[in-house]
Amino acid sequence: YLLFLTQYSFSLLLLLSTCVIQTKGMLSGSSRASSIPVGWLLTGNVAGLNLLGSYLYGSLRSNSSLFRLQHLQSLDLSSSNLAGILPDSIGNLKNLRVLKLLECNLFGKLPSSLGNLSYLTHLDLDGNDFTGELPDSMGNLNQLTKLILASSKLSGNFHHVLLNLSELTTINLRFNQLEGTLPSNMSSLFKLEYFDIGSNSFSGSIPSSLFMIPSLIHLRLERNGFNGLPEIGNISSSSKLHTLSLGGNSLNGPIPGFISKLAGLLYLDLSFWNIRRGELPKSLINCTYLQFVNVEDNMFNGTFPFWLRVLPGLQFLELIVLNMSNNTFVGHIPPSLSNMTNLQSLDLSRNRLSGKIPPELEKLAFLAWMNFSYNMFEGPIPQGTQIL
């Protein structure tokens, strides 16, 4: 059917191909692919439409039969070439709970009619070319839990109406052109678990209220223009935070002590932080589950942090990525670094380390990337097959 129907218009393909795809879901596991009568679509008796990866093409017209499906609750046309705008008619689908239009080559402004979708819980428009600001009407989406608008060209500030969407668990606005400061009352999003605004142009200070959200698991603020030193209050040691990515901003001053209270932290990026000299905080010894550590391009000095080898419970053996490049560490590399048996990437380049590279590093069987350049090492390079 699909090969045959690609000869027809987009609207016919959309209607008829659905007859087969939807049947599989509605038969609760049956492999029979008998068709649903086209009349069901024309009368709007369709609750779910999933054409993910069906390679649809053609623009979404405002008078498309798609927008007559009044009972539609889930719509997924992702990975299609729908080159054009998202028409105001999308607001006719007032029973939608899930709308996924990932990587559909859509452009233009987001229609204000999105605010008509008051039952919407999941909105994913990732990987398109939308421009302009978020419409005010999005403040009507008070049941929304997931908002994903990454990898587009959205501009303007962090829209204040988002703070009214108290059911949100995910906000992903990564890779846009957003700017301005974040609101001081971010903790009003008290159910938030995933917050990613990386690679935008936000500035000002990082509001301490972000760290007061008890449900927050992933916090990604890297590659913006945040400045100053994050001032965090009495963060709970029971914080659920697993990801903290603050690299590539204009932050300065010492590494905040609150990070050592994040006992469950797995991913830590503090790169390109203007430390103004100082040692890597030994308090990180409390973050025993770290798998990714990036402190490159700072002004850390002092000897190599030997305390890495004595972390309690040996949980630090789970470390996979360690990047300490572009600092001013001195001394030698401890042979005990070879105890980090899961290490896959190790970058100690552009420091002032000296002595021999420990031959024990040959034991790191998973090591795929090692960079020790621009130091003062001497002697042979370890000959493990994984070390080039």
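The values are calculated or read from the model by the stated rules, or taken from the named source; none is laboratory data. Since the structure is predicted, the reported quantities are computational estimates derived from the model, not experimental observations. Neighbour counts run over all protein chains shown; Cβ positions are idealised from the backbone, glycine included. Accessible surface is based on the protein model in full, side chains and every heavy atom, while ligands, DNA and RNA are left aside. Shrake-Rupley method; radii C 1.70, N 1.55, O 1.52, S 1.80 Å.
Inside segment 347-371, residues that are touching a helix residue (DSSP H, G or I) at 6+ places or on another chain (Cβ under 8 Å) and in a loop (DSSP other than H, G, I, E, B) make up a count of 3. Could you please find all residues in segment 86-102 being within 23 Å of SER155 (Cα to Cα) and crowded, with 17+ Cβ neighbours inside 10 Å? Residues satisfying the conditions are LEU86, PRO87, ILE90, GLY91, LEU99, LYS100, LEU101, LEU102. Looking across segment 297-307, the residues that are surrounded by fewer than 22 Cβ atoms within 10 Å (Cβ to Cβ) and either part of a helix (DSSP H, G or I) or touching a strand residue (DSSP E or B) at 6+ places or on another chain (Cβ under 9 Å) (or both) come down to MET299, ASN301, GLY302, THR303, PHE304, PRO305, PHE306, TRP307.
On inspection, LYS240 fails the criterion of being free of Cβ contacts under 8 Å to residues at least 60 places away in the same chain, open to solvent by 40 Å² or more (accessible area, probe 1.4 Å) and out of contact with any Gly (no Cβ under 7 Å at 6 or more places or on another chain). Given the criteria over 17 Å from the mean Cα position of the chain (by Cα) and open to solvent by 10 Å² or more (accessible area, probe 1.4 Å), does SER152 qualify? So SER152 fails the test. When residues in segment 145-165 are screened for being outside any helix (DSSP H, G or I) and either hydroxyl-bearing (Ser, Thr, Tyr) or in contact with a helix residue (DSSP H, G or I) (Cβ under 8 Å, 6 or more places away or on another chain) (or both), 7 of them pass. Scanning segment 160-178 for residues that are under 18 Å from the mean Cα position of the chain (by Cα) and open to solvent by 80 Å² or more (accessible area, probe 1.4 Å) yields a total of 2.
Taking segment 74-129 as the range and being hydroxyl-bearing (Ser, Thr, Tyr) and in a loop (DSSP other than H, G, I, E, B) as the test, the residues that pass are SER78, SER79, SER80, SER118, TYR119, THR121. Can you pull out the residues in segment 108-124 that are in contact with a strand residue (DSSP E or B) (Cβ under 9 Å, 6 or more places away or on another chain) and surrounded by fewer than 16 Cβ atoms within 10 Å (Cβ to Cβ)? If the condition is that a residue be in contact with a strand residue (DSSP E or B) (Cβ under 9 Å, 6 or more places away or on another chain) and surrounded by fewer than 16 Cβ atoms within 10 Å (Cβ to Cβ), then GLY108, LYS109 are the ones that fit. Would segment 266-280 turn up any residue that is buried (at least 19 other Cβ atoms within 10 Å of the Cβ) and among the hydroxyl-bearing types (Ser, Thr, Tyr)? Yes; the residues of segment 266-280 include at least one that is buried (at least 19 other Cβ atoms within 10 Å of the Cβ) and among the hydroxyl-bearing types (Ser, Thr, Tyr).
The residue list ASN157, ASN200, ASN172 contains one member that is within 29 Å of ILE275 (Cβ to Cβ) and not aliphatic (A, V, I, L, M), which is ASN200.
LEU147 meets the conditions (1) open to solvent by less than 20 Å² (accessible area, probe 1.4 Å); (2) more than 30 Å from SER80 (Cβ to Cβ); (3) not charged (D, E, K, R) in every case but one. The failed one is (2).
Within segment 185-204, the set of residues being touching a Leu at 6+ places or on another chain (Cβ under 8 Å) and either assigned to a loop (DSSP other than H, G, I, E, B) or open to solvent by less than 10 Å² (accessible area, probe 1.4 Å) (or both) comprises ASN185, MET186, LEU189, LYS191, LEU192, GLU193, PHE195, ASP196, ILE197, GLY198, ASN200, PHE202. Within segment 34-65, being modelled with pLDDT under 85, among the hydroxyl-bearing types (Ser, Thr, Tyr), assigned to a loop (DSSP other than H, G, I, E, B) and surrounded by fewer than 16 Cβ atoms within 10 Å (Cβ to Cβ) holds for SER34, SER35, THR43, TYR55. Somewhere in segment 254-269, is a residue among the acidic types (Asp, Glu) and either in contact with a His (Cβ under 9 Å, 6 or more places away or on another chain) or assigned to a loop (DSSP other than H, G, I, E, B) (or both)? Looking for residues that are among the acidic types (Asp, Glu) and either in contact with a His (Cβ under 9 Å, 6 or more places away or on another chain) or assigned to a loop (DSSP other than H, G, I, E, B) (or both), one finds none in segment 254-269, hence no.
Within segment 308-329, restricting attention to residues that are farther than 20 Å from LYS363 by Cβ and exposed (fewer than 15 other Cβ atoms within 10 Å of the Cβ), the residue that is modelled with the lowest pLDDT is GLY313. Among GLY139, GLY127, which is surrounded by 15 or more Cβ atoms within 10 Å (Cβ to Cβ), within 22 Å of ARG61 (Cα to Cα) and out of contact with any strand residue (DSSP E or B) (no Cβ under 8 Å at 6 or more places or on another chain)? Among GLY139, GLY127, only GLY127 is surrounded by 15 or more Cβ atoms within 10 Å (Cβ to Cβ), within 22 Å of ARG61 (Cα to Cα) and out of contact with any strand residue (DSSP E or B) (no Cβ under 8 Å at 6 or more places or on another chain).
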